[in-house]
Amino acid sequence: MSCRIVLGAQWGDEGKGKVVDYLSADADAVVRCQGGANAGHTVVVSGRKLALHLVPSGALHPHCEIILANGMVVDPLALVDEIEALERAGVELRSRLRLSTAAHTVLPCHRIQDQVEERRRGNGGIGTTGRGIGPAYADKAARTGIPLGWFQRDDANLRATLRVAIQHKLEWLRALAPDLAPEMDGDIERLVAAAAVLRPLLCDTTQRLHALVDANKHVVLEGAQGALLDLDHGSYPYVTSSSCTAAGVLSGCGLAPRDVTSVIGVVKAYATRVGNGPFPSEIAGADGERLRQIGHEFGATTGRPRRCGWFDAVAVRHAARISGCSELALTKLDVLDGFDRVLIADAYLCHGELLRHFPSDSETLAACKPRYVEAAGWSTPTTNCRRASDLPAAARRYVARIEDLVGVPVRLLSVGPEREATLHWGDSGR
Ligand code: IMP
């Protein structure tokens, strides 16, 4: 039996999709627990490029059961689109996809609200993905949201429920943005049509997960976004609206800490952030642009260029500590090939003080300047390395340095997008 949590230990986009795909080869079920269509990864199926936002990348393994659990906010229209796109590419999903009746609905008006609120924030915007995530979680917390279980109602009943919720929201939105002219009837009919697709998939996913764990199955719990975007532990308000830590993953799916066999923190060999908010190790100049181009650092959900920086061991230590990471998966090491030197932030300087921890308020974090340790770069490409011992010595030293500074062992290393470009790092790498 195994129950592995895979979560991002930076600001999202760490390459969780690839790690989950790799680990799902022997998994019975892959579970999304929080977040919604703000997440995104691109997969290639039968030569077709598909962007997945709600369905985890483990879906590409036909034996894997796919569970979207209670803590998620699900856009029914986006989910139906994803199911249909995967099926067109030959990936059958409906017989193995289970959708929690307790997950909440992202309505089209939540997306509009997200965009209106961003517009009102002006320069102080969060830089959300515009997918309606914050508004849907806000309605859930205010007890005015729509659990997906209500999609089990008959069409007339569902139509009436949606009409009340959407009408109320639109009245409120029109007061904020009088230029808005969203149509409601078309959205309601699209949602009723989506309900016909989703109804057979709805169930009590908590019971299902308990049954899988009790039957000693292999379960992968896929965190979305990254621990540094966590609502409680990130740099508020520049965060997402869900809990992206191991604890958030568990509360989102109904498993308990004692069920967990390992917590894998996924980190990139450098750092990226999309959206606004403090980012101490951000690189402003040519090196940042070089990382962006070589690493294809453009958002899978919004296409926005990602901000790039050096590996921040202070931030990753914090992320690993709050989630109890037992190991790290280090991705995109190959993107650093050819750099003369690579830097790692090991502490911050803030108002004349040396900080070794990640501050809990974003204004202090914004005042932090990184203190770097420098490591030699490597010119030999790592992309074709298949064992840790094949890596250039300087690359091995860099990985060992990260392990030492974060205090968590690296187990997996990724040197390219393909499944085969995944190495096991152990003592042999040092
Ligand atoms: P929201 O989750 O769309 O509300 O966006 C809030 C913040 O989280 C913004 O800075 C987004 O760019 C960031 N964010 C949300 N989801 C992801 C993700 O999957 N990867 C990286 N950043 C994300």
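Derivation of every value follows stated rules applied to the coordinates shown; laboratory data play no part. Remember, it's a predicted structure, so these values are computed and weren't measured experimentally. Cβ: placed from backbone, ideal geometry, glycine included. Neighbour counts: every protein chain shown.
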What are the residues whose amide H is under 5 Å from the amide H of Thr331, where those residues sit 5 or more places off or on another chain and H is modelled from the backbone? Val267, Lys268, Ala269, Ser414
So if I place +1 on the C-beta of Lys and Arg and -1 on the C-beta of Asp and Glu, and nothing else carries charge, what would the dipole magnitude of the chain be about its Cα centre? I want it in debye, nearest 20. 220 debye
Top of Cys368, Cys350, Cys308 by mean-square fluctuation, Gaussian network on the chain, Cα under 10 Å: Cys350
Taking the Cβ of Lys169 as the center, what net charge do the other residues with Cβ under 13 Å away carry, scoring Lys and Arg +1 and Asp and Glu -1? -2
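Net charge within 12 Å of Asp346 by Cβ-Cβ distance, Lys/Arg positive one each and Asp/Glu negative one each, not counting Asp346 itself? Mind showing how you got there, number by number?
Details: positive: Arg317, Arg356, Arg371, Arg401; negative: Asp312, Glu374, Asp404.
Spelling it out: positives minus negatives among the neighbours equals +1.
Any chance you could tell me what percent of the C-alpha pair distances in region 104-201 go past 24 Å?
So the pairs more than 24 Å apart make up 22 percent of the total in region 104-201.
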Just want the ordering: Arg88, Arg290, from fewest to most Cβ atoms lying within 10 Å of their own Cβ. Arg88, Arg290
Long-range amide H partners of Val74 with built H, under 5 Å: His104, Thr105, Val106
Can you give me the angle between helix 108-121 and the longest principal axis of the chain, using Cα atoms only, in degrees from 0 to 90, rounded to the nearest 10? 50 degrees
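Would you please give the FRET efficiency between Ala141 and Arg163, computed as 1/(1 + (r/R0)^6) with r the Cβ-Cβ distance and R0 = 25 Å, to the nearest 0.05?
0.65
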To test your reading of the geometry: what angle, between 0 and 90 degrees and rounded to tens, separates the Cα axis of helix 76-88 from the longest principal axis of the chain? 70 degrees
What nm value, rounded to one decimal, do you get for the distance between Ser262 and Leu354 when each label is placed 7 Å out toward the C-beta? 3.5 nm
Order of Arg4, Arg119 under a 10 Å beta carbon neighbour criterion, fewest first: Arg119, Arg4
Sequence of Asp114, Asp230, Asp312, Asp204 once ranked by neighbouring C-beta atoms within 10 Å, starting from the fewest: Asp204, Asp114, Asp230, Asp312
Quote the FRET efficiency, to the nearest 0.05, computed for Thr380 versus Val44 with a Förster distance R0 of 25 Å and r equal to the Cβ-Cβ distance. 0.40
What residue among Ala37, Ala215, Ala177 shows peak mean-square fluctuation when the chain is described by a Gaussian network model with Cα springs under 10 Å? Ala215
Once amide H atoms are placed 1.01 Å from N in the peptide plane, what residues at a sequence separation of 5 or more from Leu355, or on another chain, have their amide H within under 5 Å of its amide H? Tyr348, Leu349, Cys350
Work out the FRET efficiency for Arg341 and Glu418 from their Cβ-Cβ distance, taking R0 = 30 Å, and round it to the nearest 0.05. 0.60
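Sum -39500 (n - 2.57) across every DSSP H segment of at least 4 residues in the chain, then divide by the residue count to get the 222 nm mean residue ellipticity, nearest 500.
Working: 12 runs with 137 residues, N = 430.
Only helices count here, giving -10000 deg cm²/dmol.
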Among Ala69, Ala136, Ala85, which one moves the most in a GNM of the chain with springs linking Cα atoms closer than 10 Å? Ala85
Rounded to whole Hz and in sequence order, give me ³J(HN,Hα) for region 291-306 from the Karplus expression 6.51 cos²θ - 1.76 cosθ + 1.60, θ = phi - 60°, writing x for Gly and Pro. 4, 4, 6, 5, x, 6, 8, 10, x, 6, 8, 10, x, 5, x, 8
Grab the other residues whose beta carbon is less than 13 angstrom from that of Cys368, score K and R as +1, D and E as -1, and report the net. -3
Taking the chain, the equivalent ellipsoid from its C-alpha gyration tensor has semi-axes in Å, biggest first, of 36, 26, 19
Remind me, relative contact order of the chain in percent, using alpha carbon pairs under 8 angstrom and six or more residues apart? 19 percent
In degrees, nearest ten, helix 205-214 long axis to first principal axis of the chain (Cα): 50 degrees
Want the number for Lys217 to Met184: 0.36 nm per residue separation, take away the alpha-carbon distance, what's left? 7.5 nm
